[in-house]
Structures are given as structure tokens and as C-alpha cells.
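The values are calculated or read from the model by the stated rules, or taken from the named source; none is laboratory data. Treat the numbers as computed from the prediction; the structure is a model and nothing was measured. Using ideal geometry, Cβ is built from the backbone for each residue, glycine included, and neighbour counts are taken over all protein chains shown. Surface accessibility is based on the protein's heavy atoms, side chains included, excluding ligands, DNA and RNA. Shrake-Rupley method; radii C 1.70, N 1.55, O 1.52, S 1.80 Å.
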Amino acid sequence: MFRKILIANRGEIAVRVIVACKDLGIRTVAVYSEADRDSLHVRYADEALCIGPPRSKDSYLNIPSVISAAEITDVDAIHPGYGFLAEDAGFADVCRESGIKFIGPDVDTIRLMGDKAAARKRARAAGLPILPGSEEPLTSVEEAQSFAKEIGYPVILKAAGGGGGRGMRVVREPGQLGELFHQARHEAALSFHSSAIYLEKYIEGPRHIEFQILGDQYGKVVALGERECSIQRRHQKLIEEAPSPRIDAETRERMCDKLGAAFTEIGYANAGTAEFLMDDSGALHFIELNARIQVEHPITEAVTGIDLVKSQILLAAGEPLSSIVSGRIEPQGHAIECRINAENPKTFVPSAGRITAMHVPGGPGIRVDTAVYSGWFVPPYYDSLIAKLIAHGRDRTEALSRMQRALSMMVIEGISTSIPFHERVLADEDFVLGNYDTHFLERFAKREAAAGVR
Ligand code: ADP
């Protein structure tokens, strides 16, 4: 087992990894930027090193600084969390060359999954259903036109190296394709170091459903069930739940078996998330694989009882999957997560500043993952996620009422947060009925505007 792990991240996920290390009796090293000197991950870790100025590219994304910190502190392994360097194959490669275990899948798998067009092709070869579209990057507008004609409009152009919901263009008719093709290529080149784009069928109002997978180093992979993440704003998830209100036990079992077989064939090791879109008929189509821990992992932890971050560490250290998961996993009860962002709950504009008062709710079924506290200054340089509120209940109704109770008791003063937004969504009739898709929030905003909600 590892003696000491460096956490190449900040915020709630850095604290989450420290929690797992403490539970395993492993020493921890935090790295931090000048803006994060007083942050909780620094306080909780056994050792901490400043790795640079506030801007991510000068600190959390600075590979030589992170590797030097790991060498100075003599760690055995690095946990990358999510975001920053988590899916950077180059970073995983440097770790390997430096003799430091990267806690995640191997370099080749990260590289494969980082190219969404290649990942689609590989997933299809492994027996997963994908949306019709191009399997190689598009080389010309004419080629895009012939694919679009074959599969029928609307189609969506996506950056092969894309992420974070950026670099996508929906094309509704042939006349728009030329212009949107160039726009998508341009945006891809600017944002993701590669101008490669591909095309797939666009589904109107899909549900976003993803499956958690875990694999060991001996070729065994299991899928632990699904999360539904259709409550999105600009393709960014805001509320997630497990299980999905639209997946029955039979579908779950079939999908988990299929995914276990597919990712065994791919040779996937460690934690990953296979993302799917569900169309009107209930059919699921693979869109991408995230080769890391996800923000919304706690809802799966709640309904499976499996500590996913601890599992990542154990699997990276060479533990067999059989020591973590035994038999088929059935979800126990229901869990919901609300992402609490430091932002205006109406305009969604990020809100940096000092937290003047804070109270975190508790009570049965409530978990809060956060790294902020009263007196902390929320810096403007990073993602606006400041806390995750997770409610678990014996069924969806209990999980919902626990979440409503916790939201009403959570206090964060001095900055604006998305708490009031979550309270409004949780009171919405369609949401309560589980009647929603990825366009829910657009309809919700229109309804609120019409009703004069400010
Ligand atoms: P990213 O890697 O940037 O997160 P994804 O491929 O995971 O991008 O897609 C993010 C979101 O965009 C999905 O959850 C869905 O809401 C929307 N989306 C992506 N592909 C399609 C599609 N083919 N049809 C309809 N919506 C899509």
C-alpha cells in the first residue's frame, strides 16, 4: 500500500481525497497556489507546498511544479482529483517516468478516452450502442454534409478533445452546416489544442444518464449502476440523482453487464464514468467516457455503500476488485446531489468574496462535501463550485424532503450562492415527478420569467 499521496488539486475534491487517505492511514501532501494559502486542504494535509501564483496555468496545471513537489516530499502516488491534470495523458506519462503512481487509468487509456471520436469508435467495437455519425475526425464540409445527409438532421458537431460542455454546435439544416463547421473547428483549436471535430445525430431533449465503472489491474471491470444528470445549464450539471427515475432494474442489470464486458475488453483499470444519452424511446447511446472520479460520485457512494475514492487508491495500489465489490450491486434507496456554486442564483454570474457566516446542515441522510468556511475568501480564479450537498433517503420522496430540509438550513453569507435556485427547482412539480430532460432548465427559466420570479 502507498505510504504517502500527493493531491494535485484544490477545493472540495482535494479534501475528499485527504478523507480517503486518512481512512486508509496514508500520509498526504497538499499543493496550493498563492490564492489558496488558507484553504482547508492545506490545513488537513500532513504536508503542504506552494506551487505557484493564483492562475491555474501557473500552479495547479504546472506539471514541473507538481512533479517537483512530489519529488521533494517523496510520495509514492499522485491523486489528480477531477479537472486540472486529471485527464492529461502527458501528466500521467511524466508521473510514470518519475516512478510515481498516477491514481487513474493507464496513459494509453487516458489518451484514447481524451479523443472523443476515437473513444466512440472503440466503444462501438466493444459492443456499446453509439449514436450514428462519423467515426473519424471530419476533414471537410463536404464530408460532414454527406454524413449529415445519411443520418438526417439535426446533427451535432463536437470537438474530439472537448469537455466541460464547450465546443459543440447543433446543425438543424444543410444550409447552416458550412458556417457551423468552421466555427466548431475554430473553437476546438482555440480551446482544446486540436481542431479535430466529429459529428453525431442530435437528440432532442435527451436525458443524460451515466454509469460508474471500476476496474482492477487484473482485467476485471464492474459497473455499479447509474446516475441521472439531466439538470444542466449550458451542458453543466447542477443536480444529479441516483438511481435515475427512468431506469428500471432490468435495464440497469443489462447495461451493467454490457459495460462490464465492454470495459473488460478495453482493459479499463480504476474508476471511470461512461456517459450516455437516453432518447424518447428509452434507448441509451454512449457519448463519452470520463477517465477520472466525477464531481457527482457521492450519490453512487450513498446508494452502493462503496467509497469510490478509497477504491481508486486501493485499485491503483494493486488490490483486486473482488476485495471491494462482491456480487451484483443493487441501489439502496435514493440519493440526490445539489452543486452549490458561488454565483448569483438568477444570473449565474460567479460571486467571489469573503464568506462572513457559514453553517453546514446535518441530520439523517445528509452529507456535505466542501472546502470553504466562515472567513474564507472565495478566490475568483477557479471553478465556482464551493460545496456539494448530498441527501440520501430510503426512497426518492425521502431523499427529496431531506434535500429540501438541508437546503433550508444551509447558511452561507457574504457571497451569493445557488442555494435559492436549488430550492426553487426542488419545489418544481415536474422535477418532483422525475419528469425532466436536459432542456428542463430552459423551460424552468421561461416559466419563472413568465411568473415574474426575481
Ligand atoms: P462534454 O465532454 O463537453 O461534457 P458531452 O459529449 O459529455 O460533452 O455532452 C455534454 C452534454 O451536451 C450532454 O449531457 C447533452 O446535454 C448535450 N449533448 C451532447 N451530445 C448530444 C447529442 N448528440 N444530442 C443531444 N444533446 C447532446
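General observations
- Accessible area of Arg166 in the full protein assembly, 1.4 Å probe (Å², nearest 10): 130 Å²
- Shape category assigned to the chain from the gyration tensor of Cα positions, a/c cut at 1.5: rounded
- Selection from His439, Pro364, Pro206 lying farthest towards where the dipole of the chain points positive, charges on Cβ: Pro364
- The relative contact order of the range 207-451, computed from alpha carbon pairs under 8 Å that lie at least 6 residues apart in sequence, is 21 percent.
- Solvent-accessible ranking of Asp36, Asp279, Asp74, largest area first, probe 1.4 Å: Asp74, Asp279, Asp36
- Ligands, DNA and RNA left out, the 1.4 Å accessible surface of the range 4-103 is 47% carbon and sulfur atoms.
- Here the range 234-300 and the range 357-378 have alpha carbon centers that stand 29 Å from each other.
- Overall, the chain carries a charge dipole of about 660 debye about its Cα centre when +1 sits on the Cβ of Lys and Arg and -1 on the Cβ of Asp and Glu, all other atoms neutral.
- Nonpolar atom fraction for the range 395-443, defined as the carbon and sulfur part of the 1.4 Å probe accessible area, stands at 49 percent.
- Global geometry of the range 156-244, whether rounded, prolate or oblate, following the gyration tensor of its Cα atoms and the 1.5 cut on a/c: prolate
- Computed about its Cα centre, the charge dipole of the range 207-451 is approximately 580 debye, with only Lys, Arg, Asp and Glu carrying charge at their Cβ.
- In this structure the amide hydrogen of Ala77, modeled in the peptide plane, comes within under 5 Å of the amide hydrogens of Lys4, Leu6, Lys101, none closer than 5 places in sequence on its chain.
- Over 18 Å between alpha carbons, listed pairs Lys116/Lys158; Lys116/Lys201; Lys201/Lys258: Lys201/Lys258
- Between Ile18, Asn62, Ile5, the Cα set farthest toward the positive side of the dipole of the range 4-103 (charges on each charged residue's Cβ, about the Cα centre) is that of Ile18.
- Residue by residue, the range 404-412 carries 3J(HN,Hα) couplings of 4, 4, 5, 4, 6, 9, 7, 10, 9 Hz when phi is fed to the Karplus relation 6.51 cos²θ - 1.76 cosθ + 1.60 (θ = phi - 60°); x denotes Gly or Pro.
- Whole-Å semi-axes of the ellipsoid equivalent to the range 132-201 (Cα gyration tensor, √5λ, descending): 18, 11, 11
- Per residue, in Å², the accessible surface of the chain once ligands and nucleic acids are set aside, probe 1.4 Å: 40 Å²
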